[in-house]
Amino acid sequence: MKTKIISTAIVGALFLFCNTSHAQDISFDSKGFKEKNLKTYIEANIEIYVDSINNAFYKSEIPAFLLDTQLDYKFRSLWISPHLALSIRKQIINRVSNCHPLRLILESKEPLYKKQPLREDVTLPYGNKSIYDFVKERLYQLDCLSK
C-alpha cells in the first residue's frame with residue numbers, strides 16, 4: 001500500500017514539475033530539447049527517485065520503480081541520441097547516500113533486483129547489470145558493508 005502511495009506521489013511530483021514553474025524553462029529548437037534543458041529535466045527526475053530511496057526505512061517503503069528492469073529504456077525519449085544512451089538506474093543508485101535502504105535491497109529476497117534488463121535495439125552502458133549489482137557497488141563506495 002505504501003509503495004503505491006509513494007509511486008503515486010512520485011508520478012504526481014513529476015507531473016507537477018513538468019507542468020509548472022520549470023515548464024517555461026524548456027525551450028525548443030529545430031532538433032527538440034536543447035541539451036542544457038534536457039539535462040536539467042533528467043537531473044530533476046533522478047533527484048526525485050534518489051530521495052525516495054534515501055527516505056525508505058522499511059522494506060515495504062523501497063520504491064517499486066526499482067523492480068522495473070527496463071527502467072533505462074523507459075527514459076529513452078530523454079536520451080540525446082541512441083549513441084548517448086544512459087543508465088538511469090546506475091545514476092540513481094550512485095547518488096543514494098543512505099546505507100540502510102541499500103542494505104534492505106541487498107538483503108531482499110526479491111528476484112527482480114537481480115534480473116538484468118532485456119536487451120532492446122540500443123545497447124545500454126551497464127545494460128548487463130542488475131539493480132542488485134549497482135547497489136552492491138554503491139555499498140562498497142560508501143563503505144557501508146561493514147557498518
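Any read-out appearing in this document is the output of simple, stated calculations on the displayed coordinates, not a laboratory observation. Since this is a predicted model, take the numbers as computed values, not measurements. All Cβ positions, glycine included, derive from the backbone under ideal geometry; neighbour counts span all protein chains shown.
Pairs only if they're at least six apart or on different chains, beta carbon under 6 angstrom, first in segment 122-139 and under 17 Å from S77 (Cα atoms) and in contact (Cβ under 8 Å) with a residue 24 or more places away in the chain, second among the acidic types (D, E) and surrounded by 21 or more Cβ atoms within 10 Å (Cβ to Cβ); list them, first residue then second.
L124/D72
Against the condition part of a helix (DSSP H, G or I), in contact with a Lys or Arg (Cβ under 8 Å, 6 or more places away or on another chain) and not hydroxyl-bearing (S, T, Y), how does L106 come out, does it pass? Please lay out each step first, then the result.
Values: part of a helix (DSSP H, G or I): yes; in contact with a Lys or Arg (Cβ under 8 Å, 6 or more places away or on another chain): yes; not hydroxyl-bearing (S, T, Y): yes.
When the stated conditions are applied, L106 passes them.
Among the residues of segment 114-147, which ones are surrounded by 12 or more Cβ atoms within 10 Å (Cβ to Cβ), touching a Ser or Thr at 6+ places or on another chain (Cβ under 9 Å) and not in a helix (DSSP H, G or I)?
K115, Q116, P117, L124, P125, Y126, G127, K129, S130, L142
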